[in-house]
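Down below is the structure, laid out as structure tokens.
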Amino acid sequence: MNNDHPSRRFAHVSRISCSLVLAALLSVSAAQAQIVGFGRSSAPMYGGTGVSPMPANPFPPMKGTYAPAHKAPDGTACISVHPSTHPQVINPKIIDQIVTVNNSCGQSINVQVCYAGSTDCITVALNGYQKLQRVLGISAGSTSFRYEYRELY
């Protein structure tokens with residue numbers, strides 16, 4: 001009976017440990033599902049000023065990876081982004097890198113604009129038929145930059 005008692009205690013402790021690990025894994029997977037559902041976006045679109053935009057990816061993403069971009073009834077894209085640069089008044093060697101985001105549809109759309117290949121981003125919330133101009137970043141003398149944008153869902 002002495003040998004049986006420690007093995008029962010070990011079995012009880014191991015069941016509790018397994019239960020705790022399983023509960024932790026289930027809570028982590030539930031949190032990841034919420035993050036993935038919240039972070040849905042359209043495929044990135046690229047552009048730039050003063051330089052050629054990034055080339056399109058020759059390997060298309062797996063079907064269902066991205067949400068479809070918003071389209072007007074005639075099939076044209078609702079969102080367009082136009083880059084520009086503007087020197088600051090105080091110091092003309094400091095350049096504001098600006099994006100103008102235009103929504104040509106009646107629905108509200110959130111757009112994330114980033115420097116191409118970067119996590120340095122801004123989010124622009126557009127109402128229907130709205131056009132907004134935002135500063136993407138500031139540069140010391142460079143009037144060229146590349147950007148990418150996505151529609152957020």
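Here is how the numbers come out for the structure above:
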| quantity | calculated |
| --- | --- |
| Residue 62 being part of a loop (DSSP other than H, G, I, E, B), modelled with pLDDT under 60 and open to solvent by 90 Å² or more (accessible area, probe 1.4 Å) | no |
| Candidate set: segment 96-153, residues that are in contact with a Cys (Cβ under 7 Å, 6 or more places away or on another chain) and among the hydroxyl-bearing types (Ser, Thr, Tyr); chosen: the one least open to solvent (accessible area, probe 1.4 Å) | 147 |
| Sole residue being outside any loop (DSSP other than H, G, I, E, B) and over 22 Å from residue 41 (Cβ atoms), chosen from 138, 90, 122 | 138 |
| Any hit, segment 66-74, residues being at pLDDT 95 or above and open to solvent by 40 Å² or more (accessible area, probe 1.4 Å) | no |
| Residues that are loosely packed, with under 11 Cβ neighbours inside 10 Å and of a type in the set (A, V, I, L, M), drawn from segment 81-95 | 89, 90 |
| Members of segment 96-141 found to be touching a Pro at 6+ places or on another chain (Cβ under 9 Å) and of a type in the set (Ser, Thr, Tyr), listed by number | 100 |
| Test result for residue 144, among the small types (Gly, Ala, Ser) and closer than 21 Å to residue 68 by Cα | no |
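The values are calculated or read from the model by the stated rules, or taken from the named source; none is laboratory data. Just so it is clear, the structure is predicted and the values come from calculations on it, not from any experiment. Note that we place each Cβ from the backbone using ideal geometry, even for glycine, and neighbour counts take in every protein chain shown. These accessible areas exclude ligands, DNA and RNA; they are computed on the full protein's heavy atoms, side chains included. Shrake-Rupley method; radii C 1.70, N 1.55, O 1.52, S 1.80 Å.
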